[in-house]
Amino acid sequence: MKLGVNIDHIATIRQARGTIYPNIVQATKLAEKAGADSITLHLREDRRHMQDQDLFDIKPVIQTKMNLEMAATEEMLRIALKLLPEDVCIVPERREERTTEGGLDLVSHFDQIANISDELHQQGIQVSLFIAPDFKMIDLASKMKVPVIELHTGAYADSNSQDERDDYLLKLKQAAEYAKKLGIQVNAGHGLNYDNIFPILDIKEITELNIGHAIVSEALFIGWDAAIRKMKMIIQNKK
Ligand code: PXP
């Protein structure tokens with residue numbers, strides 16, 4: 001299983017004070033050195049963390065691959081086509097949310113997402129759709145012919161009881177198996193941390209995990225390099 005390191009919250013700290021530090025180019029280089037298999041970032045409509053220029057500053061230094069998370073809008077499409085990241089993960093976005101709170105609604109927004117996905121695909125960008133572990137969404141992703149889905153692990157991470165957690169875990173496992181059978185690569189992420197990651201590592205159909213907040217938080221105490229190595233070690237030891 002691979003580790004995509006989400007660096008949004010390095011920019012969150014910078015934006016809190018309008019400084020030029022912490023430097024996200026440095027964070028990117030160090031993340032790769034510490035073992036990140038890809039660098040993930042989300043350019044939100046409200047630009048609360050990553051700024052447009054950040055994307056273009058980071059792109060040339062990335063040696064693994066850049067995974068841009070974006071909403072399915074014309075504005076983001078324009079930026080992605082200029083930036084040409086290796087991967088784009090299309091995510092839902094609501095201005096008032098604290099973070100990406102749910103998966104894409106592929107029923108209501110099928111045509112809009114399919115069109116954006118096609119345009120990205122034509123430029124050689126690998127498209128992924130961030131969806132809940134729901135068979136209907138997987139069928140629609142398959143109909144759209146996207147090569148990758150990212151399963152939203154937020155409900156699993158936020159569950160309040162062991163029963164609820166087991167239930168969400170089973171949903172993730174079944175969804176991963178189903179998508180894999182349809183020939184879709186399965187990634188996962190959101191809310192994963194150094195404790196709750198372990199059962200997820202048993203889902204062998206998952207190719208890549210995208211993790212941000214927990215790593216940035218841990219970095220406050222042990223450093224950015226060590227926090228990434230620690231997560232990478234957990235993932236590798238569970239192969
Ligand atoms: N994957 C996707 C699609 C996301 O939107 C996010 C949050 O930006 C993550 C993974 C990482 O979530 P977290 O910061 O909770 O690890």
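For the range 16-39, filtering for residues that are assigned to a helix (DSSP H, G or I) and of a type in the set (S, T, N, Q) leaves 2.
A single member of D167, D139, D105, D158 is of a type in the set (D, E, K, R), surrounded by fewer than 23 Cβ atoms within 10 Å (Cβ to Cβ) and within 14 Å of the ligand (Cβ to nearest atom), and it is D158. Among the residues in the range 183-194, are any part of a helix (DSSP H, G or I) and within 12 Å of the ligand (Cβ to nearest atom)? No, the conditions are met nowhere in the range 183-194. Picking from residues in the range 215-233 that are in contact with a strand residue (DSSP E or B) (Cβ under 9 Å, 6 or more places away or on another chain) and open to solvent by 10 Å² or more (accessible area, probe 1.4 Å), the one that is nearest to the ligand (Cβ to nearest atom) is V216. Yes or no: the range 181-192 includes at least one residue that is farther than 18 Å from V148 by Cβ, in contact (Cβ under 8 Å) with a residue 40 or more places away in the chain and surrounded by fewer than 22 Cβ atoms within 10 Å (Cβ to Cβ). No, the conditions are met nowhere in the range 181-192. Looking only at residues in the range 196-214 that are out of contact with any Phe, Trp or Tyr (no Cβ under 8 Å at 6 or more places or on another chain) and within 13 Å of the ligand (Cβ to nearest atom), the one that is nearest to I234 (Cα to Cα) is I197. Go through the range 112-130 and give me each residue that's closer than 16 Å to S142 by Cβ and open to solvent by 70 Å² or more (accessible area, probe 1.4 Å). Passing the criteria: D118, H121. Return yes when L83 is open to solvent by less than 30 Å² (accessible area, probe 1.4 Å), more than 14 Å from the chain's Cα centre (by Cα) and away from the ligand (no atom under 16 Å from the Cβ) and no when it is not. Yes.
The values are calculated or read from the model by the stated rules, or taken from the named source; none is laboratory data. Since we're looking at a predicted model, the values are computed, not measured. Neighbour counts run over all protein chains shown; Cβ positions are idealised from the backbone, glycine included. Just the protein is used for accessible areas: all its heavy atoms, side chains included, with ligands, DNA and RNA removed. Shrake-Rupley method; radii C 1.70, N 1.55, O 1.52, S 1.80 Å.
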